[in-house]
Amino acid sequence: METYTVATFGEAEKGDYSTPYFCRNLPELIDCLGNPPSHSHGLHCAIQALLYRRNLIFLRVREEGFSFQDYANGLKSLERSCLLPTITAVCLPGVGEHKILDLVDSLCLVHHHIILTNEADLYDYLVQ
């Protein structure tokens, strides 16, 4: 049986910024990253991925959707760690900004990943 891995960017209570945290279950996720801020969706998406029995790589950012440098550094960390070929999807909750999505999209095209987002973020992207 093939195992799928989802890379998720988001805010968290603790952990280093732009560092890939590989988690296989909820206790590992909580130990590494703590609780989500009230307005954040990244850890909620990470929990959903784990509940669907997907492996998870979580990358902490300072502000979901706006910390361009954290997203860029996170992608570089994934490249350096050789994790990019193992990923099947990249989850970007709260991201509707072209600059971030274009950066992620170029890597997703090369590695054949899908981008996961929600309807509000897609709308923001389309009307900018």
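The values are calculated or read from the model by the stated rules, or taken from the named source; none is laboratory data. As the structure is a computational prediction, the values presented were derived from the model and not from experiment. With ideal geometry, Cβ positions are generated from the backbone for all residues, glycine too; neighbour counts draw on all protein chains shown.
Listing for the model above:
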{"read-out": "Residues within the stretch 86-118 that are hydroxyl-bearing (Ser, Thr, Tyr), in a helix (DSSP H, G or I) and either within 14 Å of GLU64 (Cα to Cα) or touching a Gly at 6+ places or on another chain (Cβ under 6 Å) (or both), tallied", "value": "0"}
{"read-out": "Residue list for the stretch 37-56, filter: over 23 Å from TYR125 (Cβ atoms), outside any helix (DSSP H, G or I) and not hydroxyl-bearing (Ser, Thr, Tyr)", "value": "ARG53, ARG54, ASN55, LEU56"}
{"read-out": "Any hit, the stretch 91-98, residues being free of Cβ contacts under 8 Å to residues at least 12 places away in the same chain and either crowded, with 18+ Cβ neighbours inside 10 Å or of a type outside the set (A, V, I, L, M) (or both)", "value": "no"}
{"read-out": "Candidate set: the stretch 1-36, residues that are assigned to a helix (DSSP H, G or I) and out of contact with any Lys or Arg (no Cβ under 9 Å at 6 or more places or on another chain); chosen: the one nearest to LEU107 (Cα to Cα)", "value": "LEU29"}
{"read-out": "Residue in the stretch 69-81 that is part of a loop (DSSP other than H, G, I, E, B) and modelled with pLDDT under 90 present", "value": "yes"}
{"read-out": "Residue list for the stretch 11-61, filter: within 20 Å of LEU83 (Cα to Cα) and among the small types (Gly, Ala, Ser)", "value": "GLY15, SER18, GLY42, ALA46, ALA49"}
{"read-out": "Top-ranked residue in the stretch 37-58 [being at pLDDT below 90 and under 19 Å from SER18 (Cβ atoms); ranked as surrounded by the fewest Cβ atoms within 10 Å (Cβ to Cβ)]", "value": "PRO37"}
{"read-out": "Boolean, ASP121 is without any contact (Cβ under 8 Å) to a residue 60 or more places away in the chain, assigned to a helix (DSSP H, G or I) and either within 20 Å of PRO37 (Cβ to Cβ) or touching a Gly at 6+ places or on another chain (Cβ under 8 Å) (or both)", "value": "yes"}
{"read-out": "Pairs, first closer than 16 Å to TYR17 by Cα in the stretch 77-90, second hydrophobic (A, V, I, L, M, F, W, C) and assigned to a helix (DSSP H, G or I), C-beta under 9 Å, six or more apart", "value": "LEU78/LEU84; LEU78/LEU107; GLU79/LEU107"}
{"read-out": "Residue check for GLY74: among the small types (Gly, Ala, Ser), closer than 23 Å to LEU33 by Cβ and touching an Asp or Glu at 6+ places or on another chain (Cβ under 8 Å)", "value": "no"}
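Conditions (1) touching a helix residue (DSSP H, G or I) at 6+ places or on another chain (Cβ under 8 Å); (2) surrounded by 15 or more Cβ atoms within 10 Å (Cβ to Cβ); (3) under 22 Å from ARG62 (Cα atoms), marked per residue:
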| residue | (1), (2), (3) |
| --- | --- |
| THR86 | no, yes, no |
| LEU101 | yes, yes, yes |
| VAL104 | yes, yes, yes |
| ILE114 | yes, no, no |
